[in-house]
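A.B. asks: Next up is a structure, given as structure tokens.
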Amino acid sequence: MALSRGLRCCQRAFAWVPVAIIALVVLWSYYAYVCELCLVTLSNPVEKVAYLTVFHILFVLFVWTYWKSIFTLPVQPDKKYHMSYADKERYENEERPEVQRQILAEIARKLPVYTRTGNGGIRFCDRCQLIKPDRCHHCSVCAICVLKMDHHCPWVNNCIGFSNYKFFLLFLAYSLLYCLYIAATVFKYFIKYWTGELTNGRSKFHVLFLLFVAVMFFVSLMFLFGYHCWLVSRNRSTLEAFSAPVFQNGPDKNGFNLGFVKNLQQVFGEEKKLWLLPVVSSLGDGHFFPMRALCEAQNPLLANEEQWEDDGIDEETHDSNEASSLAIERET
Ligand SMILES: [Zn+2]
Ligand SMILES: [Zn+2]
């Protein structure tokens, strides 16, 4: 018992190692840029002030979004999704799987859940003992069910989901800008040190290394950010990109795709002035998400609008959309 608790403690401490590595690199980049480049290497005072001002704005935005991604706790489903004591007893005492499925379907009838398991059953987490809301998944690292779970990120030691997806995207965007700015401003001095025009040995090491690290992070983050931009534009989570959500009439990878602008609004909110700030502005409460099929059922005219067009959707998916819209219509 004590051994397993000790092991869990070690595991939890070990999970902070990637965050500590990032924090150390960021602190060193701050020292190298501010002290070694701006204060020691730069001689023009106007250039010094301009470089430092822009650097600090980007640094604050970068650290702020990183902080929010790490410390915004993933949201668990509401109490009403948890099984009541009586339901739990009834479910556990039942051995026939088909009756268990019926019990879950009965409980889920009063909840707004539209996604299903691969075999058409209600999605149920037996570890958390709850009916999973749409887009909710169980994270084995955090050992909880997380609303609109995207993935568990070791670099922020946190689950990326409904509560912090916007922060995570902004963190990627600002870290890209931070790296790009460092690389662009350091490049001139990198050449000067390289060609021997400047000779300060200690600063030379920091400036050369600064450019190398900035370019390395920029390239790797660019792919990740590009992928997430694509996911946001389709209103898909990373998990949904790997395995399409299943609706009553089968899997539909575009089930939550509402069109480009509405997809952006789902994550960033309707107020454009808040889009670039790390403040909560995502639409909804993470339990229910508007669906393409449901919107089309409410307003059939929208089905023909250009905003629904999507080159990536094949005929088969389109057919399943129509079918699922009918199924949802019938249920509501
Ligand atoms: Zn769970
Ligand atoms: Zn997690």
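The values are calculated or read from the model by the stated rules, or taken from the named source; none is laboratory data. Since this is a predicted model, take the numbers as computed values, not measurements. Heads up, the Cβs are rebuilt from the backbone with ideal geometry, glycines too, and the neighbour counts pull from every protein chain shown. To get the accessible areas, we keep the full protein, side chains included, count just its heavy atoms, and leave off ligands, DNA and RNA. Shrake-Rupley method; radii C 1.70, N 1.55, O 1.52, S 1.80 Å.
A.B. asks: Tell me yes or no: at least one residue of the stretch 250-260 is buried (at least 16 other Cβ atoms within 10 Å of the Cβ), among the charged types (D, E, K, R) and in a helix (DSSP H, G or I).
C.D. replies: no
A.B. asks: Further question on the same structure: So in the stretch 138-155, with the set limited to residues that are surrounded by fewer than 23 Cβ atoms within 10 Å (Cβ to Cβ), within 15 Å of the chain's Cα centre (by Cα) and touching a residue at least 24 places away in the same chain (Cβ under 8 Å), which one is nearest to ligand 1 (Cβ to nearest atom)?
C.D. replies: Here the residue is Cys139.
A.B. asks: With respect to Arg135, determine if the residue is among the charged types (D, E, K, R), under 20 Å from Pro245 (Cβ atoms), touching a Leu at 6+ places or on another chain (Cβ under 8 Å) and within 16 Å of ligand 1 (Cβ to nearest atom).
C.D. replies: Criteria met by Arg135.
A.B. asks: If you don't mind, there's one more thing I want to ask. Which condition does Phe124 not pass, out of (1) of a type outside the set (S, T, N, Q); (2) under 22 Å from the mean Cα position of the chain (by Cα); (3) buried (at least 19 other Cβ atoms within 10 Å of the Cβ); (4) within 16 Å of ligand 1 (Cβ to nearest atom), if it passes all the others?
C.D. replies: Condition (2) is where Phe124 drops out.
A.B. asks: Same structure again: Failed condition for Val60, given (1) out of contact with any Ser or Thr (no Cβ under 6 Å at 6 or more places or on another chain); (2) within 20 Å of Asn164 (Cβ to Cβ); (3) surrounded by 12 or more Cβ atoms within 10 Å (Cβ to Cβ), with all others met?
C.D. replies: (3) is the only condition that Val60 fails.
Residues checked against (1) out of contact with any Leu (no Cβ under 7 Å at 6 or more places or on another chain); (2) open to solvent by 40 Å² or more (accessible area, probe 1.4 Å); (3) within 29 Å of Gly259 (Cβ to Cβ); (4) assigned to a loop (DSSP other than H, G, I, E, B):
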residue	(1), (2), (3), (4)
Leu177	no, yes, yes, no
Ile182	no, no, no, no
Phe190	no, yes, no, no
Glu197	yes, yes, no, yes
Phe205	yes, yes, no, no
Ala214	yes, no, no, no
Phe223	yes, yes, yes, no
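A.B. asks: Checking Thr65 against (1) open to solvent by 100 Å² or more (accessible area, probe 1.4 Å); (2) at pLDDT 95 or above, only one condition comes out false. Which one?
C.D. replies: If we test Thr65 against (1) open to solvent by 100 Å² or more (accessible area, probe 1.4 Å); (2) at pLDDT 95 or above, just (1) comes out false.
A.B. asks: Please name all residue pairs, on different chains or six or more residues apart, with Cβ atoms under 7 Å, provided the first residue is in the stretch 218-234 and is within 16 Å of Lys253 (Cα to Cα) and the second residue is among the acidic types (Asp, Glu) and outside any helix (DSSP H, G or I).
C.D. replies: none
A.B. asks: Can I ask one more? Report, by residue number, each residue of the stretch 98-140 that is within 16 Å of ligand 2 (Cβ to nearest atom) and part of a loop (DSSP other than H, G, I, E, B).
C.D. replies: If the condition is that a residue be within 16 Å of ligand 2 (Cβ to nearest atom) and part of a loop (DSSP other than H, G, I, E, B), then Arg127, Cys128, Lys132, Arg135, Cys136, Ser140 are the ones that fit.
A.B. asks: Suppose we filter the stretch 141-155 for residues that are over 30 Å from Ser84 (Cβ atoms), within 10 Å of ligand 2 (Cβ to nearest atom) and among the hydrophobic types (A, V, I, L, M, F, W, C); how many remain?
C.D. replies: Counting residues in the stretch 141-155 that are over 30 Å from Ser84 (Cβ atoms), within 10 Å of ligand 2 (Cβ to nearest atom) and among the hydrophobic types (A, V, I, L, M, F, W, C) gives 1.
A.B. asks: When only residues in the stretch 77-97 that are outside any helix (DSSP H, G or I) and crowded, with 19+ Cβ neighbours inside 10 Å count, which is nearest to ligand 1 (Cβ to nearest atom)? Break it down into steps so the answer makes sense when it comes.
C.D. replies: Going residue by residue through the stretch 77-97, those that are outside any helix (DSSP H, G or I) are 77-78, 82-84, 94-96.
This time we only want the ones that are crowded, with 19+ Cβ neighbours inside 10 Å, so: 77, 83.
On the way: Pro77: 9, Met83: 12 Å.
Among those that are outside any helix (DSSP H, G or I) and crowded, with 19+ Cβ neighbours inside 10 Å, it is Pro77.
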